[in-house]
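Q: Quick one: the structure is below, questions incoming.
Here, each number is a calculation from the coordinates, and none is a lab measurement. As the structure is a computational prediction, the values presented were derived from the model and not from experiment. Heads up, the Cβs are rebuilt from the backbone with ideal geometry, glycines too, and the neighbour counts pull from every protein chain shown.
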Amino acid sequence: MTHIAVIAGSTRAGSFNRALARLAAARLAAHGAEVVEVDLATFDLPLYSAALEAEAFPPDALRLKQLFAAQDGLLFVSPEYNGSVPPLLKNAIDWASRPTGDEGLVALTAYRGKATAVMAASISPFGGLRALAHLRQILSTVQTLVIPEQVLVPNAHAAFDADGALKDALPASLVDMTAARLVAVAGALAG
């Protein structure tokens, strides 16, 4: 079975990106993945600094890194903050990229060789496109294979119904298509 973690880059109650992450997790499971939904609010991650890392690697950063390392694939669902990814998500990615134990500086055990996918929901008409461009660059830098499919949900404040489902068939079908591709690619890379 293919193991995939879904990471929402928002901890806000009522977050459109958390709603999108829940929908994506359901579609990943429907395509045969064992899914772990990661709530970044449950991790005590100080702002990354080399000085802090040298003093003592935070236990929750190690827990997050180990969780990522145990997966075959990762799905990141990101809000857009001033045209980029939110600090919460970037900080989590950075901590999980750091070497621990006797690993070399670029071991990247939480990421190297894994398939990843990206999605975004935004109240803007661009649907988080600028954030996903940055997120793709970051995920490529940490040695993941970012699949070409992605999901953008523009005008997110009007995109979800009262039950949290997407009203429009196009983004809903893209969520399903992206989930199916991530399961297939992550499974092939892990196999």
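Q: Taking the options Glu103, Glu53, Glu37, name whichever one is assigned to a loop (DSSP other than H, G, I, E, B) and among the acidic types (Asp, Glu).
A: Values: Glu53 fails: assigned to a loop (DSSP other than H, G, I, E, B); Glu37 fails: assigned to a loop (DSSP other than H, G, I, E, B).
Being assigned to a loop (DSSP other than H, G, I, E, B) and among the acidic types (Asp, Glu) holds for just one of Glu103, Glu53, Glu37, which is Glu103.
Q: When you look at Ala29, is it within 24 Å of Ala121 (Cα to Cα), assigned to a helix (DSSP H, G or I) and out of contact with any helix residue (DSSP H, G or I) (no Cβ under 7 Å at 6 or more places or on another chain), yes or no?
A: Yes.
Q: Could you please find all residues in the stretch 141-188 being touching a strand residue (DSSP E or B) at 6+ places or on another chain (Cβ under 6 Å) and among the hydroxyl-bearing types (Ser, Thr, Tyr)?
A: Thr144, Thr178
Q: Take Ala5 and decide whether it is of a type outside the set (S, T, N, Q), within 14 Å of the chain's Cα centre (by Cα), under 19 Å from Ala186 (Cβ atoms) and part of a helix (DSSP H, G or I).
A: It is false that Ala5 is of a type outside the set (S, T, N, Q), within 14 Å of the chain's Cα centre (by Cα), under 19 Å from Ala186 (Cβ atoms) and part of a helix (DSSP H, G or I).
Q: On to the next question. Name the residue, out of Thr141, Thr100, Thr109, that is within 23 Å of Glu53 (Cα to Cα), polar (S, T, N, Q) and free of Cβ contacts under 8 Å to residues at least 24 places away in the same chain. First the steps, then the outcome.
A: On the way: Thr100 fails: free of Cβ contacts under 8 Å to residues at least 24 places away in the same chain; Thr109 fails: free of Cβ contacts under 8 Å to residues at least 24 places away in the same chain.
Only one candidate qualifies: Thr141.
Q: Would you mention how many residues in the stretch 149-179 are in contact with a Gly (Cβ under 7 Å, 6 or more places away or on another chain) and either aromatic (Phe, Trp, Tyr) or within 25 Å of Ala33 (Cα to Cα) (or both)?
A: Looking only at that region, the number is 2.
Q: Kindly evaluate Ala92 against the criterion of being part of a loop (DSSP other than H, G, I, E, B), within 16 Å of the chain's Cα centre (by Cα), among the hydrophobic types (A, V, I, L, M, F, W, C) and within 16 Å of Ala61 (Cβ to Cβ).
A: Values: part of a loop (DSSP other than H, G, I, E, B): no; within 16 Å of the chain's Cα centre (by Cα): yes; among the hydrophobic types (A, V, I, L, M, F, W, C): yes; within 16 Å of Ala61 (Cβ to Cβ): yes.
No: the conditions fail for Ala92.
Q: Sticking with this structure for a sec: Would you please name the residue that is surrounded by the most Cβ atoms within 10 Å (Cβ to Cβ), looking only at residues in the stretch 140-188 that are among the β-branched types (Val, Ile, Thr) and closer than 29 Å to Ala107 by Cβ?
A: The qualifying residue surrounded by the most Cβ atoms within 10 Å (Cβ to Cβ) is Val183.
Q: Sticking with this one: Determine if the stretch 80-88 includes at least one residue that is in a loop (DSSP other than H, G, I, E, B), under 25 Å from Val185 (Cα atoms) and among the polar types (S, T, N, Q).
A: no
Q: Let me ask something else about it. Kindly indicate the residue of the stretch 80-97 that is among the charged types (D, E, K, R) and closer than 20 Å to Phe16 by Cβ and also surrounded by the most Cβ atoms within 10 Å (Cβ to Cβ) among those meeting that condition.
A: First, the residues of the stretch 80-97 that are among the charged types (D, E, K, R): 80, 90, 94.
Among the residues that remain, those that are also closer than 20 Å to Phe16 by Cβ are: 80, 90.
Working: Glu80: 25, Lys90: 18.
Among those residues, the one meeting the criterion is Glu80.
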